[in-house]
Amino acid sequence: MKIVSSSGSGAVGAQIVVIAKEPVAGRVKTRLTPPFTPAEAAGLAAAALEDTLRAALGTGVRHTVLALEGLPGSWLPPGCVVIPQRGAGLDERIAWAMADAHRLHPLPTVLVGMDTPQVTPALLRGAAGALARHDAVYGPAADGGFWLLGLRRPAPSALIGAPMSRPDTGQAVLARLRAAGLDVAMLPELTDVDTAADAATVAAEAPHSRFAASLAAVGGLAGAVAPR
């Protein structure tokens, strides 16, 4: 495995898929309540999702696709194609989101969640560019999962059945990618927003993000700077 620099090369001929739930109170970011109310947690989720989509749109890749559970709202920036999620567990939803996007646009595909609003266009561009030289690209999360997965071609069998939302999820997915004979490039580790402590950490890393502004508005980060 090789480490990919966040500067990356151009990502012409790739696509980025953001997989997300509609930010509805009581259905998203439930581990943020308490200290935040369900409505506040949903507002934070909406801000994180918009930051992520705008980062994807800023990469210059050919297509940005949102694989959505639910309905789009005012947080959806122009330029995104929306497709529905399908499948039962998260493993199936990830696998089929990548396969469906590839069917729509037969290009190398980078999938990212809505939990890392600190992600930058340069980091996503580097991930997409890595698929010109590698079969897969992988971004580990600090909680033992992963925040990004890219594949030159869909590989549902490498994902379906993998344990999700566990401390060993990342190791299990990497093992499956290697067992499939894929050459995997690695990205830097990022922190997912799951808890209030995570939210403060991520907002401090991206003080000009919509997420940081939203967190400051509900009293979660003193002195956060409004998005530019």
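The values are calculated or read from the model by the stated rules, or taken from the named source; none is laboratory data. In this text, all values refer to a predicted model and were calculated from it rather than measured experimentally. Note: ideal-geometry Cβ built from the backbone for every residue, glycine included; neighbour counts use all protein chains shown. Side chains included, ligands, DNA and RNA excluded: accessible areas come from the protein's heavy atoms. Shrake-Rupley method; radii C 1.70, N 1.55, O 1.52, S 1.80 Å.
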- Does any residue in region 72-99 that is touching a residue at least 60 places away in the same chain (Cβ under 8 Å) come within less than 7 Å, Cβ to Cβ, of a residue that is hydroxyl-bearing (S, T, Y) and assigned to a loop (DSSP other than H, G, I, E, B) six or more places away or on a different chain, and which pairs are these? L90/S165
- Query: From the list F211, F146, which one is out of contact with any strand residue (DSSP E or B) (no Cβ under 8 Å at 6 or more places or on another chain) and aromatic (F, W, Y)?
  - Reply: F211
- Check on G26, at pLDDT below 95 and small (G, A, S): no
- Note on the structure: The strands (runs of 3 or more DSSP E) lying wholly within region 6-117 that contain at least 1 residues that are surrounded by fewer than 19 Cβ atoms within 10 Å (Cβ to Cβ) are 15-21, 63-69, 81-84
- Note on the structure: Within region 140-173, the count of residues that are open to solvent by 10 Å² or more (accessible area, probe 1.4 Å) and touching a Pro at 6+ places or on another chain (Cβ under 6 Å) comes to 4
- Picking from R176, R153, R133, which residue would you name as being free of Cβ contacts under 8 Å to residues at least 24 places away in the same chain and either touching a Gly at 6+ places or on another chain (Cβ under 7 Å) or more than 25 Å from S214 (Cα to Cα) (or both)? R176
- Query: Restricting the search to region 162-185, which residues are over 26 Å from H105 (Cβ atoms) and not hydrophobic (A, V, I, L, M, F, W, C)?
  - Reply: P163, S165, R166, P167, D168, T169, G170, Q171, R178
- Restricting to region 208-228, what's the tally of residues that are open to solvent by 50 Å² or more (accessible area, probe 1.4 Å), at pLDDT 95 or above and not in a helix (DSSP H, G or I)? 1
- Task: Please work out which residue is nearest to L182 (Cα to Cα), limiting yourself to region 120-139 and to residues that are in a loop (DSSP other than H, G, I, E, B), open to solvent by 10 Å² or more (accessible area, probe 1.4 Å) and of a type outside the set (D, E).
- Result: H134
- Message: So the check is Cβ under 7 Å with 6+ separation or different chains; which pairs have a first residue in region 179-206 that's at pLDDT below 95 and a second one that's in a helix (DSSP H, G or I) and open to solvent by less than 30 Å² (accessible area, probe 1.4 Å)?
- Response: A180/A158
